[in-house]
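The values are calculated or read from the model by the stated rules, or taken from the named source; none is laboratory data. Only a predicted model underlies this, so the values are computations on that prediction, with no experimental measurement involved. All Cβ positions, glycine included, derive from the backbone under ideal geometry; neighbour counts span all protein chains shown. Protein only, heavy atoms only, side chains kept; ligands, DNA and RNA dropped before computing areas. Shrake-Rupley method; radii C 1.70, N 1.55, O 1.52, S 1.80 Å.
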Amino acid sequence: MCQHQPPCPPADSAERDAARLIAHHPEQGWSLLCNGVLLFEDTGELLPDGKIIAPHRPLRAEQVAAAA
């Protein structure tokens, strides 16, 4: 998919979220990245092969303090 240089990280890499945006639809809550990953506003992802990545929002400061 990626036709620019340097190429975007592939969908199966840990850095897949660093790919360029192709389409952005905040009103619907999703974006399409150059590597074919659908990125949702809740930080969940759908990879081109159909694999689902669960939302992975960072913990807020009060959650970190409560866990310690």
Notebook entry, point to check: Under 8 Å by Cβ, and 6 or more places apart or on different chains, what pairs join a residue from segment 21-49 that is part of a strand (DSSP E or B) with one that is acidic (Asp, Glu)?
Noted result: TRP30/GLU41; LEU33/ASP17; LEU38/GLU45; LEU39/ASP17; LEU39/GLU45; GLU45/ASP17
Checklist line | Filter result (of a type in the set (D, E, K, R), open to solvent by 70 Å² or more (accessible area, probe 1.4 Å) and at pLDDT 95 or above) within segment 21-52 | finding: GLU27, ASP49, LYS51
